[in-house]
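Heads up, the thing below is written out as structure tokens.
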Amino acid sequence: TLARPSGSDAPREQMLDRARGSGAPIALEGAVERVERALRITVSVARTSDRATLWSETFEGPEASAASLRQLAAAHSANAMNCALRAGTAAAVDVYPLLLSACARSEDRDARGQNRDALSQAVAQAPELALARALLAAETAALLNTASDAQRQGLVTDIHNNAERALRQDRGLGEAYLALERIEPRRRWDARERTLQEGLQQDERSSALSSA
């Protein structure tokens with residue numbers, strides 16, 4: 001975590017360069033400002049290779065609420081940082097604000113619709129980003145609790161498609177498995193896993209033939 005004075009770019013550049021030199025691809029930045037009796041906390045996730053800000057959020061309130069503001073900032077930044085590390089640094093920089101904002105608010109039930117919209121945009125911009133697809137499937141699955149019968153089938157189709165595509169790219173994405181568990185019995189998982197494995201093996205064979 002990099003704490004820096006607000007409004008000063010030079011210390012930020014130096015600290016991000018030091019983080020990169022130590023082998024950290026991602027850094028978490030934080031700044032606190034006090035204006036009269038108000039408090040402003042800004043937290044950011046930055047990519048050290050080019051100093052690009054991937055996500056940023058500001059929390060403001062009366063100084064008397066400092067403890068709750070710090071707790072909220074810490075929770076959101078930890079969620080965003082975790083997703084940034086899981087996603088890696090290869091995606092286009094415009095995708096990260098969408099992905100990480102949804103990750104930051106992942107524990108806020110009132111933000112689920114907003115999170116789903118952000119993740120849908122992230123998937124549209126970076127179809128190869130498996131984590132975004134898995135999280136989209138999970139956020140969509142959470143909507144099943146309040147969906148009407150007319151809405152439910154469309155949501156189930158979206159969950160299935162995004163979870164399956166995510167798992168074809170990365171079989172370690174737990175969010176995709178949890179989303180699938182909401183729409184299919186666990187006894188079908190073995191058959192689904194065999195189908196997935198056969199598809200992966202076919203992809204490997206096709207790739208080998210193409211490079212031969």
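Throughout, read-outs are computed from the coordinates displayed, never taken from laboratory work. Just so it is clear, the model here is predicted, and its values are computed rather than measured. Positions of Cβ are generated from backbone atoms using ideal geometry, with glycine treated the same way; all protein chains shown enter the neighbour counts.
Give the shape of the range 45-166 as rounded, prolate or oblate, defined through the alpha-carbon gyration tensor: a ≥ b ≥ c are the square roots of its eigenvalues, a/c under 1.5 means rounded, and otherwise the shape is prolate if a/b is larger than b/c and oblate if not. Note, shape of the range 45-166 comes out oblate. Distance in nm between label sites at residue 89 and residue 40, each 7 Å beyond Cα in the beta-carbon direction? Label-label distance for residue 89 and residue 40, simple model: 2.9 nm. With the gyration tensor restricted to C-alpha atoms of the range 28-110, the semi-axes of the equivalent ellipsoid amount to 25, 14, 9 Å, longest first. What the Cβ-Cβ distance of residue 18 and residue 143 gives, at R0 = 45 Å and to the nearest 0.05, is a FRET efficiency of 0.55. Sites listed here are trypsin sites (Lys or Arg not before Pro) in the range 80-177 whose DSSP assignment is loop and whose Cβ has at most 15 other Cβ atoms within 10 Å: 171. Near residue 40: Cβ cut-off under 13 Å, other residues only, Lys/Arg at +1 and Asp/Glu at -1. The net charge is -2.
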